[in-house]
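Undergrad: Pasting a structure below so you can have a look.
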Amino acid sequence: MEFDKLISKLEIALKEPLPGRLGQVTMAPVPVDEERFNQNIRSDYRKGAVLMLFYPDFHQQAFVPFIKRPVYPGVHSGQIAFPGGKMEASDADLSVTALRETEEEIGVDANKVQLLGKLSDLYIPPSNFMVSPFVGYTLEQPEFNPDPEEVLRIINCPVGTLLDKSLRKTGIVQGSGGYRLQAPYFDIESEMVWGATAMMLGEFTYLLERLDF
């Protein structure tokens, strides 16, 4: 997918009403945890943000980086995610959180990122986080410098790959606390991209599939 065309389309699309649950639920674990969409979500939820960052390769094709978390005693151990994290008191708003965390985790200079907007917020019950997925881009491929304590590896994925329906599968995944559940996932470089990240991608691809390329 051509980088320039993607960015110009997203600039328009992200100003329109978002698909929200319609897109998110396409990649939600089964059975769907309705707490994610319930208006009575816990009032003490924590705020966080991630960044869906697009950049062009040498051939001007659009790519997006994912990170693989190291294995650690925590809810998202070993999972594939977008760079991001919790909002700090010093962050002016959640867009600052997304940019700061991206710079800390994968070394992308926040000053070189142009934000286009954001997708729908998504509640993550296991960690009690309300996550805001921001969308941005850089005009050239970044020189990634991952923090080894936060990032095991970076997966650079062509955006066109996300629209390949053959890479959307369903399988048994290991959730936090050791429980197993059935969930749809994106099979990207032999990694299972599932859970909240897959649901954000569900909304993004739902939106993308309705744009005229």
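Undergrad: At 10 °C and a viscosity of 1.306 mPa s, what translational diffusion coefficient does Stokes-Einstein give for segment 79-132, taking Rh as the Kirkwood radius over Cα pairs? Give it in µm²/s as a whole number.
TA: Once the numbers are plugged in, D ends up at 132 µm²/s.
Undergrad: Working from the pairwise distances between different alpha carbons, so that the mean of 1/r is found and then inverted, what is segment 1-73's Kirkwood radius in Å?
TA: Across segment 1-73, the inverse of the average 1/r is 16.0 Å.
Undergrad: Now a separate question. Considering only DSSP beta bridges where both residues belong to segment 19-137, give the percentage that are antiparallel (nearest 5).
TA: Once the DSSP bridges in segment 19-137 are tallied, antiparallel ones form about 60 percent.
Undergrad: How much length is gained if the chain between Thr161 and Glu35 is pulled fully straight, taking 0.36 nm per residue apart and subtracting their Cα-Cα distance, in nm to one decimal?
TA: Gain on stretching Thr161 to Glu35: 42.3 nm.
Undergrad: Quick one: which residues, 5+ away or cross-chain, put their amide H under 5 Å from the amide H of Leu181? H built at 1.01 Å from N.
TA: When sequence neighbours closer than 5 places are left aside, the close amide H contacts are Val173, Gly175.
Undergrad: Moving to a separate point now. Okay, helix-only estimate at 222 nm for the chain: each DSSP H run of n ≥ 4 adds -39500 (n - 2.57), divide by all residues, round to 500 deg cm²/dmol; what do you get?
TA: -6000 deg cm²/dmol
Undergrad: Which of Gly171, Gly195, Gly117 moves most in a GNM of the chain, Cα contacts under 10 Å?
TA: Fluctuation is largest for Gly171.
Undergrad: Another question, if that's okay. Rounded to the nearest 5, what is the percent of antiparallel bridges among the DSSP beta bridges in the chain?
TA: 80 percent
Undergrad: Quick one: if you stick a label point 7 Å off each Cα along the C-beta vector at Glu140 and Thr170, how many nm between them?
TA: 4.6 nm
Undergrad: May I ask you to evaluate 6.51 cos²θ - 1.76 cosθ + 1.60, the Karplus curve with θ = phi - 60°, for each residue of segment 55-60 and list the ³J(HN,Hα) values in order in whole Hz, giving x for glycine and proline?
TA: Calculated HN-Hα couplings, in order: 8, x, 8, 4, 9, 6 Hz.
Undergrad: Asp187 to Asp44: FRET efficiency via 1/(1 + (r/R0)^6), r the Cβ-Cβ distance, R0 35 Å, to the nearest 0.05?
TA: For R0 = 35 Å, the calculated efficiency reads 0.45.
Undergrad: Of Val30, Val131, Val159, which is the most mobile in a GNM of the chain whose springs link Cα atoms less than 10 angstrom apart?
TA: In this elastic network of the chain, the residue with the biggest mean-square fluctuation among Val30, Val131, Val159 is Val30.
Undergrad: Full extension from Asp212 to Ser90: what is 0.36 nm times the residue separation minus their Cα-Cα distance, to one decimal in nm?
TA: 39.9 nm
Undergrad: Follow-up question, since we're still on this one. Between Arg180 and Glu16, what length in nm is gained on full extension when 0.36 nm per residue of separation is reduced by their alpha carbon distance?
TA: 55.3 nm
Undergrad: What does the charge add up to near Asp121, with Lys and Arg as +1, Asp and Glu as -1, over the other residues with Cβ less than 15 Å from its Cβ?
TA: Once positives and negatives cancel, what remains is +4.
Undergrad: Connecting C-alpha atoms closer than 10 Å in a GNM of the chain, tell me which of Glu101, Glu149, Glu203 has the biggest fluctuation.
TA: Glu149
Undergrad: Given H placed on each backbone N at 1.01 Å, which residues far from Met52 in sequence or on other chains put an amide H within less than 5 Å of it?
TA: Here the answer is Phe134, Val135, Gly136, since their amide H atoms fall under 5 Å of that of Met52.
Laboratory data are not the source of any read-out in this text; all were calculated from the coordinates shown. Keep in mind that what you see is a predicted model, and the values were worked out from it rather than measured. Cβ: placed from backbone, ideal geometry, glycine included. Neighbour counts: every protein chain shown.
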